[in-house]
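Asker: This is the structure I want to talk about, given as structure tokens.
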């Protein structure tokens, strides 16, 4: 038995048929407020995504990490800025209602090196000078 995707009891096809304001009613309050108060950059991103879909492009580059993922974006690929470079992000139905920045991390794992040659474990913390 195959599992079908449902978001708040609605299928992906039903969600894609909804307007942005109707989809916002299904979200939690913080995301709903964000969509309701969307600024110029958010509207520009939505227009950019629509233009890319019509042109047949799959990749949309953006620095707007706080954008809430909409149903019309499912199946698209975004290049989201992490502060240093653009990281690719493929949008799946499970990401609906989350923000783009949640899936592109801004910090890396810290890898501490070993002390140098002829150094003790404690001496790596001393200044070189």
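Asker: Please work out which one of (1) modelled with pLDDT under 90; (2) surrounded by 17 or more Cβ atoms within 10 Å (Cβ to Cβ) is the condition residue 31 fails and give its number.
Answerer: (1)
Asker: Continuing with this model, one more query. Name the one entry in 74, 80 that is modelled with pLDDT of 95 or more and within 19 Å of the chain's Cα centre (by Cα).
Answerer: Matching residue, one of 74, 80: 80.
Asker: Same structure again: List the pairs whose first member sits in region 25-41 and is without any contact (Cβ under 8 Å) to a residue 24 or more places away in the chain, whose second member is buried (at least 17 other Cβ atoms within 10 Å of the Cβ), and whose Cβ atoms are under 6 Å apart, counting only residues at least 6 apart or on separate chains?
Answerer: Matching pairs, first to second residue: 32/24; 41/64.
Asker: Please specify each residue of region 2-24 satisfying the condition of being free of Cβ contacts under 8 Å to residues at least 24 places away in the same chain and part of a loop (DSSP other than H, G, I, E, B). Outline the logic, then answer.
Answerer: Initially, region 2-24 is screened for residues free of Cβ contacts under 8 Å to residues at least 24 places away in the same chain, giving 2-4, 6, 8-11, 13-14, 17, 19, 21-22, 24.
Correct list: 2, 3, 4, 6, 8, 9, 11, 19.
Asker: Scan 45, 59, 26, 15 and give me the residue that is farther than 20 Å from residue 94 by Cβ and surrounded by 16 or more Cβ atoms within 10 Å (Cβ to Cβ).
Answerer: Working: 59 fails: surrounded by 16 or more Cβ atoms within 10 Å (Cβ to Cβ); 26 fails: farther than 20 Å from residue 94 by Cβ; 15 fails: farther than 20 Å from residue 94 by Cβ.
Checking each option against the conditions leaves just 45.
Asker: Which of the residues that make up region 53-110 are part of a strand (DSSP E or B) and either in contact (Cβ under 8 Å) with a residue 40 or more places away in the chain or under 16 Å from residue 34 (Cα atoms) (or both)?
Answerer: Step one: filter region 53-110 for residues part of a strand (DSSP E or B), giving 59-62, 68, 77-81, 86-90, 99.
Residues satisfying the conditions are 68, 99.
Asker: Here's a follow-up. Scan region 13-34 for residues that are more than 12 Å from residue 96 (Cβ to Cβ) and in contact with a strand residue (DSSP E or B) (Cβ under 6 Å, 6 or more places away or on another chain) and jot them down.
Answerer: Residue satisfying the conditions is 34 alone.
The values are calculated or read from the model by the stated rules, or taken from the named source; none is laboratory data. Here the structure is a predicted model, which is why all the values come from computation and not from measurement. Neighbour counts run over all protein chains shown; Cβ positions are idealised from the backbone, glycine included.
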